[in-house]
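Visitor: The structure's right below; bear with me while I get my questions together.
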Amino acid sequence: MAQEETIKWRDRMSNEAKPMEPAFRAVSCSGASNAGEYADKVTRALDVAGVVNMNCLTKIAINDTALIDKYKAAPGKAIAIDGCPVHCAKKILEAAGVHGSAHATMTDMGVKKGETPVTALVVDRIAADITKQLAGKGVQ
């Protein structure tokens, strides 16, 4: 995505009214590598834009039943955003009984683990790409 398109996406998201409740719930990896940092920052950008409601992955991992029940109540309206192919976020959701989630992995979206410097431009590009992918699943 060109820099101009990325900036337009960010401006559009900050200027539009946010829906009362985002269509998707999201958890992300926040691992120690740059890929984990990208997963976290992209998910936070999607949350600020009103595309997702970001939740704490650790609460799922410690079996917070109230939060897990919210994910189970809306099958197919969850997304796990992982940094690398270990897919910790996806596996934690599945271990909690949440299946059928959308999934994105930073290393599949151009991030090279241990190499790609974390920049706002790349965060915005990936967030815009994920927003487009979710658009077909109910996000406008």
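Each reported figure results from applying straightforward, stated rules to the coordinates on display, with no laboratory input. Note that the structure is a prediction, hence the values are computed from the model and not measured. As a convention, Cβ positions derive from the backbone with ideal geometry for all residues, glycine included, and neighbour counts pool all protein chains shown.
Visitor: Quick one: Arg44, Arg125, fewest Cβ neighbours within 10 Å first, how do they rank?
Guide: Fewest to most other Cβ atoms nearby, the residues stand as Arg44, Arg125.
Visitor: Please give the net charge around Glu94, taking every other residue with its beta carbon less than 14 angstrom from that of Glu94, where Lys and Arg add +1 and Asp and Glu add -1.
Guide: The answer is +2.
Visitor: Please give me, ordered by residue number, the GluC sites (Glu not before Pro) of the range 29-134 that lie in loop per DSSP and have at most 10 other Cβ atoms within 10 Å.
Guide: Glu115
Visitor: If you take every residue apart from Ser28 with its C-beta less than 14 Å away from the C-beta of Ser28, what net charge results, scoring Lys and Arg +1 and Asp and Glu -1?
Guide: +2
Visitor: Near Ile68, within a Cβ-to-Cβ distance under 15 Å, what is the net charge of the other residues, with Lys and Arg +1 and Asp and Glu -1?
Guide: +4
Visitor: Asn63 to Lys132: extension gain in nm, 0.36 nm per residue of separation minus the Cα-Cα distance?
Guide: Using 0.36 nm per residue and subtracting the Cα-Cα distance, I get 21.7 nm.
Visitor: Can you list the residues, at least 5 places off or on another chain, whose amide H is less than 5 Å from the amide H of Thr105, using H built in the peptide plane?
Guide: It is Asp82, by chain and number.
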